[in-house]
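K.L.:
I'd like to ask some things about the structure below.
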Amino acid sequence: MSLPQQLRDESDFDQLPGNIPVTATIADIEERKGFIDYFRFVIEVKTKGNSKYLIYRRYRQFFALHQSLELKYSVEAQPGYYTCQLPVLPGKVFMGNKKEIAESRIPELNNYMKRLLCLPTWVLLDDLIRMFFYQTETDSQQVPRALRRLRPPTRRVKTVKPKTDLFSAPRAEAVFDFSGSGRLELNLKAGDVIFLLRRVNADWLEGTVRDKTGIFPESFVKIIKPLPESDSDEEGEASKNGKRAQGSYSCLRCYLLQPEGIDTRDICVEEDLSIQPSYEDLLSRMREIFQVEDIALNYRDPKGDLIRIVDNEDVALMVQESKQTGSKVKRPVNQYPWELLVTHAKDLTVYNTDY
């Protein structure tokens, strides 16, 4: 295996454990549909022990790693013996096409990782770097969608799709019109026939209509031929085992509180239940869901009072408090333990101001 020059010259390289990463290359990018749509990098990692695996990282994870390393090792922030010259990370980009931004970052991030893994061995042993390149259980469960840079070019072979017996396929008929609130959700017209793929949770299904695949609430359709019991029971089995089925969505329940009543929505995202979204991402998604611009985000504290969220620290507090109270409320296995309550920004009557 070809190793970085600096590592080959170091006498203590042989003392490093076999699971230390020595090279990392971006194999592809994948679009994900979370609280906001984003791209993540599929990274092929090779270790000193010649093992090879894939990890999936967002730019924000690169940024967080670099900030932590700067505080710990940069000469400017921490003058002393244990400092080093860190590689330059490409900066944040706030405007532009997300796919083009991700594509343009590939060579820069490849160079960043190459230089990072050429740092002294005592830096490579730091938990910050080891955890970034470590293949988590979530990483190992992912199925890469393309890996175009790992696969050699091949001649395209025309394939004949097998004919599907439409009358035997699980399917449903839309009873009401349904307008999806995001790219994950299907748009349905009353009378549409949807071919069912699987059950997302107790309230949502995934299916195909007019060559488009997405999710939709079961309450808007009439089941003509149900999914096989194994598929329908998948969510229940996952709940019993305390795990989410691979490839399933995470669902967030949110409410819009208005004088005329409460509008309840369940949104599904391709995000892990452990994620802590940013305040700006949540605010942007709620504006999209409820089609209201001037809104405020809130959550209920353990006492039942409404607490307004104004920044990322408030989001962290909401997530932390939900872990303490979440065990008291029975929720589906793929539903977030915290809920969002959306109010009009100028409406202060919803808060408990009695002392």
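The values are calculated or read from the model by the stated rules, or taken from the named source; none is laboratory data. Given the structure is predicted, the values throughout are model-derived calculations rather than measurements. Virtual Cβ from ideal backbone geometry, glycine too; neighbours counted across all protein chains shown. These area figures cover heavy atoms from the full protein model, side chains too; ligands, DNA and RNA do not enter into them. Shrake-Rupley method; radii C 1.70, N 1.55, O 1.52, S 1.80 Å.
K.L.:
Per residue, how much accessible area does the stretch 12-144 show when a 1.4 Å probe rolls over the protein heavy atoms, in square angstrom?
P.N.:
52
K.L.:
What distance in nm separates the two pseudo spin-label positions at I224 and D203, each 7 Å out from Cα along the beta-carbon direction?
P.N.:
Label-label distance for I224 and D203, simple model: 2.7 nm.
K.L.:
Further question on the same structure: With a probe of 1.4 Å, find how much accessible area the stretch 171-225 has per residue, and write the answer as a whole number in Å².
P.N.:
For the stretch 171-225, the solvent-accessible area averages 50 Å² per residue.
K.L.:
Of K189/K212; K33/K99; K52/K99, which ones are farther than 19 Å apart at the Cα?
P.N.:
The answer is K52/K99.
K.L.:
Can you figure out the FRET efficiency of H344 with D281, using R₀ = 25 Å and their beta-carbon distance, to the nearest 0.05?
P.N.:
With R0 = 25 Å, the Cβ-Cβ based efficiency is 0.75.
K.L.:
Further question on the same structure: By its C-alpha gyration tensor, with a ≥ b ≥ c as the square roots of the eigenvalues, how is the stretch 12-144 shaped: rounded for a/c under 1.5, else prolate for a/b larger than b/c, else oblate?
P.N.:
Taking the square roots of the gyration eigenvalues as a ≥ b ≥ c, the stretch 12-144 is oblate.
K.L.:
Now a separate question. Given R₀ = 51 Å, what would the calculated FRET efficiency be for E108 paired with V193, taking r from the Cβ atoms and rounding to 0.05?
P.N.:
Computed FRET efficiency for E108 and V193: 0.60.
K.L.:
Moving to a separate point now. Quick one: check the C-alpha center-to-center distance for the stretch 30-73 versus the stretch 113-138, whole angstrom.
P.N.:
11
K.L.:
Let me ask another. State in Å² the accessible area per residue of the stretch 250-351; use a 1.4 Å probe, count heavy atoms of protein chains only, and round to the nearest integer.
P.N.:
So the stretch 250-351 comes to 52 Å² accessible per residue, rounded to a whole number.
K.L.:
What is the gain in length, in nm to one decimal, between A64 and N312 on full extension, counting 0.36 nm per residue of separation less the C-alpha to C-alpha distance?
P.N.:
87.8 nm
K.L.:
Hey, another quick one. Round to a whole number: what % of the accessible area of the stretch 250-351 belongs to carbon and sulfur, probe 1.4 Å?
P.N.:
Using a 1.4 Å probe with all protein chains present, the stretch 250-351 comes out at 48 percent carbon and sulfur.
K.L.:
Could you give me the ³J(HN,Hα) list for the stretch 257-262, computed from phi with Karplus coefficients 6.51, -1.76, 1.60 and θ = phi - 60°, whole Hz, x at Gly and Pro?
P.N.:
After applying 6.51 cos²θ - 1.76 cosθ + 1.60, I find 8, 10, x, 7, x, 10 Hz.
K.L.:
For Y351, put the label point 7 Å out on the Cα→Cβ axis and report which residues of the stretch 306-345 keep their amide N under 19 Å from it.
P.N.:
306-319, 340-345
K.L.:
Same structure, new question: Taking all protein chains together and a probe of 1.4 Å, list I267, I307, I224 from the most accessible to the least accessible.
P.N.:
I get I224, I307, I267, largest accessible area first.
K.L.:
Continuing with this model, one more query. Given a 1.4 Å probe and every protein chain left where it sits, what share in percent of the accessible area of the stretch 171-225 is carbon and sulfur?
P.N.:
Of the solvent-accessible surface of the stretch 171-225, carbon and sulfur hold 49 percent.
K.L.:
In angstroms, what radius of gyration and Dmax does the stretch 272-352 have, counting Cα atoms only?
P.N.:
12.7, 35
K.L.:
Could you give the length gained by full extension between E260 and D294, i.e. 0.36 nm per residue of separation minus their alpha carbon distance, to one decimal place?
P.N.:
10.5 nm
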